1. How about the range 21-32: which of its residues are free of Cβ contacts under 8 Å to residues at least 60 places away in the same chain and of a type outside the set (Ser, Thr, Tyr)?
2. Using the structure shown, decide if Arg60 is modelled with pLDDT of 95 or more and under 21 Å from Arg145 (Cα atoms).
3. Could you list, in sequence order, all residues of the range 106-123 that are over 15 Å from Asn8 (Cα atoms) and part of a helix (DSSP H, G or I)?
4. Quick one: in the range 33-91, of everything that is closer than 17 Å to Leu10 by Cα, in contact (Cβ under 8 Å) with a residue 12 or more places away in the chain and not hydrophobic (A, V, I, L, M, F, W, C), which residue is surrounded by the fewest Cβ atoms within 10 Å (Cβ to Cβ)?
5. Cβ contacts < 7 Å: first residue farther than 10 Å from Gly63 by Cα, restricted to the range 107-118; second residue among the aliphatic types (A, V, I, L, M), any location; separation 6+ or different chain. Result?
6. Against the definition (closer than 25 Å to Pro67 by Cβ and either at pLDDT below 95 or surrounded by 11 or more Cβ atoms within 10 Å (Cβ to Cβ) (or both)), how does Arg161 come out, yes or no?
7. Does the range 124-165 hold any residues that are in contact with a Leu (Cβ under 8 Å, 6 or more places away or on another chain), of a type in the set (D, E, K, R) and part of a helix (DSSP H, G or I), and which are they?
8. Could you run through the range 113-158 and say how many residues are more than 23 Å from Ser42 (Cα to Cα) and surrounded by 12 or more Cβ atoms within 10 Å (Cβ to Cβ)?
Amino acid sequence: MNPDALGNLLDYHYWARDGVLDAAARLTPEEFRRDLGGSFGSVRDTLAHVLSSEWVWCSRWNGVSPPTHLPAADFETAEDLRRRWHEQEARVRGFVERLGAEGADRVIGYTHFDGEPRRASFRHMLQHVVNHASYHRGQVTTKLRQLGADPSRSQDLIAFRLERG
């Protein structure tokens, strides 16, 4: 996976993020935080988990293994999430730029939440981050429908490609 492929993967990831955040921003504060069951209960808690997971992985790439996730309660609104996520995006993109042409296959060690040391290539970690986010964006789409809200635009990779030409 070359730097262009990594960049394209990130472009898709953040395009999809923006679509789901736009849909979440249309919710009332009560709807945004309403527990609808499932892995993370609310739209807010699910999106905070995705952001937090990305933050954890990026921290690991930079030599720090956080022991816990960011608290969902730190994000009262979709705009709070958006602001923090744009900061996170800058960190991720900066890391990818610094990796260089051969960096995708760099193996990075980290400590998992269970305290066990682990190692994986950056390429596999980044693919995991994007795939993990896609899974949870699907959960958010279901929650939006449960709330009677309009879902985000299509999250499909092909929709991204067609939109971008």
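The values are calculated or read from the model by the stated rules, or taken from the named source; none is laboratory data. Since the model is a prediction, treat every value here as computed from it, not as a measurement. Quick reminder, even Gly has a Cβ in these numbers, built from the backbone with ideal geometry, and neighbours come from all protein chains shown.
1. Hits for the range 21-32 are Ala25, Pro29, Glu30, Phe32.
2. Working: modelled with pLDDT of 95 or more: yes; under 21 Å from Arg145 (Cα atoms): no.
No.
3. Scanning the range 106-123 gives a single hit, Phe122.
4. Arg91
5. Listed by first residue and then by second, the contacts come to Val107/Ala120.
6. No: the conditions fail for Arg161.
7. Once the filter is applied, which keeps residues that are in contact with a Leu (Cβ under 8 Å, 6 or more places away or on another chain), of a type in the set (D, E, K, R) and part of a helix (DSSP H, G or I), the range 124-165 yields only Lys143.
8. Adding up the residues that qualify gives 10.
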